[in-house]
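The values are calculated or read from the model by the stated rules, or taken from the named source; none is laboratory data. Just so you know, these numbers come straight off a predicted model, no measurement behind them. Reconstructed Cβ throughout: ideal geometry from the backbone, glycine too, with neighbour counts over all protein chains shown. Only protein heavy atoms, including side chains, enter the accessible area calculation; ligands, DNA and RNA are left aside. Shrake-Rupley method; radii C 1.70, N 1.55, O 1.52, S 1.80 Å.
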Amino acid sequence: LEWRQPRGKAPGGGAKFRISAGRIFDPDDETHLLESREGEFSFVLRNGNLEAGALDIEFPGFGFIDFDFEVLDIVVNGARELTGRAVTQLSDIELLGRLAWPALDEIGGRLESDITLGGNLSDPQFSGGFRFSDGLVHYVPLGVKLEALEFEGRLDKRDRGHLKGQFRAGGGTGTIAGDLLFEDFENLKMDLALSGKQLLLIDTDNAQFNVETDLRFGLNPDQIEINGHIRVPSARLTPANLLVGKVDDSEDLVIDSRDTFAEPETKEVVDQTPIYGQLEITLGDDVFVKVPGVETHIAGGVV
């Protein structure tokens, strides 16, 4: 490992780490998750810029990750050229899924990708394809369980890409399709379409929702757009912890009516991404709320 940063100048240096073969365990229950063969991680930094990097590691029985890139000394149109490639083959993404989305109870599937990096520093270009298959996503608190999840996509050197796929939720099947536009690393734009019928999206002891959807999502760094409709042909709600009966004030309640007012709390303003669009939600003829002694049918809609 080498690191240099003269006073008033950008840092430089690099590193080359050899990753020994070993095993990965879950620290909570010491479950053996994965084995790895010997690998390597390296990078080169010049004048504060990442000039090269590589990650090469193999997981016997699961696949491998092989990524490398380099900024060449060739200058075209005032910018130095890039070259690189990222190849991934993982028979099960469970471990990566646990790290990326720890709140999910189950996540799995097979991931394959082969992406080539080109262009130059001012306008990097990507080309290649990716595929995800045999996917499973399970979130117990809402009873969301997406099975047979699969999608594939391609990227081209015009900074554009597309993807399409499908999934199963309960007895229904949904489809997803979209286009990508990435003018640079920080300006990714996506247009996605999601549709499906009889999707069991919520399935708990207190709620079951079957849904039909036809939605359009526009995602970019500045805003989110959501348009379309959600129809709920059938649903069952059985509210838990329903409070029934009279509620009185506590005997030790004291009301201070003096002319004193608490200063309002000043809340920190957090930048939030605005959401635009028009979403229509309608309820079908088979939507019921059940409470002790009462069964209520609900109908209607809202935009």
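The table below lists the values:
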quantity	calculated
Heavy-atom SASA rank of Val289, Val140 (probe 1.4 Å, accessible area, largest first)	Val140, Val289
For the stretch 164-223 versus the stretch 1-43, the gap between their alpha-carbon centres in whole angstrom	36 Å
Cβ charges +1 (Lys, Arg) and -1 (Asp, Glu), total dipole of the stretch 109-242, debye	500 debye
Helix-derived mean residue ellipticity, 222 nm - over the chain, DSSP H n ≥ 4, -39500 (n - 2.57), to 500	-500 deg cm²/dmol
For the stretch 61-177, average projected area of the Cα convex hull in nm²	8.8 nm²
Debye-sum result for the stretch 26-113 in log10 I(q)/I(0), which assumes one identical scatterer on each alpha carbon, at q = 0.22, 0.26 Å⁻¹	-1.10, -1.29
Derived scalar couplings ³J(HN,Hα) [the stretch 278-294; Karplus, 6.51 cos²θ - 1.76 cosθ + 1.60; whole Hz; x for Gly, Pro]	9, 10, 9, 10, 10, 9, x, 8, 10, 10, 10, 10, 10, 10, x, x, 9
Nearest-10 value in Å² for the accessible area of Glu147, using the 1.4 Å probe	60 Å²
Surface accessible to a 1.4 Å probe, Lys197 within the full protein complex, Å²	140 Å²
Gain in span if fully extended, Ile24 to Asn187, counting 0.36 nm per residue against the direct Cα distance	55.2 nm
Using θ = phi - 60° and Karplus 6.51 cos²θ - 1.76 cosθ + 1.60, couplings along the stretch 172-180 (whole Hz; Gly, Pro as x)	x, 10, x, 10, 9, 8, x, 10, 10
Rel. contact order, % - alpha carbon contacts under 8 angstrom, at least six apart, the stretch 24-82	22 percent
Contour excess over end-to-end distance, with Cα ends at Leu142 and Arg7 and 0.36 nm allotted per residue	43.2 nm
Under the Karplus curve 6.51 cos²θ - 1.76 cosθ + 1.60, θ = phi - 60°, whole-Hz ³J(HN,Hα) for the stretch 120-131, x wherever Gly or Pro sits	9, 4, 7, 8, x, 10, 10, 8, x, x, 8, 8
Protein-only accessible surface order, largest first, of Val144, Val294 at 1.4 Å	Val294, Val144
Residue-level accessible surface for Thr173, protein heavy atoms, 1.4 Å, Å²	80 Å²
Whole-number accessible area per residue in Å² for the chain, which is evaluated in the context of all protein chains at 1.4 Å	69 Å²
